[in-house]
1. Spin-label point model (7 Å from Cα, Cβ direction): what's the residue 71 to residue 3 distance in nm?
2. Multiply the residue separation of residue 106 and residue 12 by 0.36 nm, subtract the distance between their alpha-carbon atoms, and state the gained length in nm to one decimal.
């Protein structure tokens, strides 16, 4: 698909996850998840070193389906790197839904990091 844009990019040790999107002619979005895992390339030959793992899912047509793609990973617990301006409020809502399910000890620092990426002003604990 042409005109593919990053909706949200997430980084972690050894790799990254990205939700990408393509806006159609009717201004409707389609989404896919891309994964780049460098971890196998860090292994020694004796431990089974292989190349990086890279894959992209098929396209989905709805926001809930897009979130299901990301939810294959604990993405809200990882470091958000970039959020598309049109999706900042949606991503912030989704991050909070997921962080509300974990211990405040873990959630608070992650919420602050995501607040910056999502452009949230004020207190990051508030949606």
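1. 2.9 nm
2. On the way: separation 94, 0.36 × 94 = 33.84 nm, distance 1.57 nm.
Here the answer is 32.3 nm.
Where a number appears in this text, it was derived from the coordinates with a stated rule and is not lab data. As the structure is a prediction and not an experimental result, all values here were calculated from the model. Using ideal geometry, Cβ is built from the backbone for each residue, glycine included, and neighbour counts are taken over all protein chains shown.
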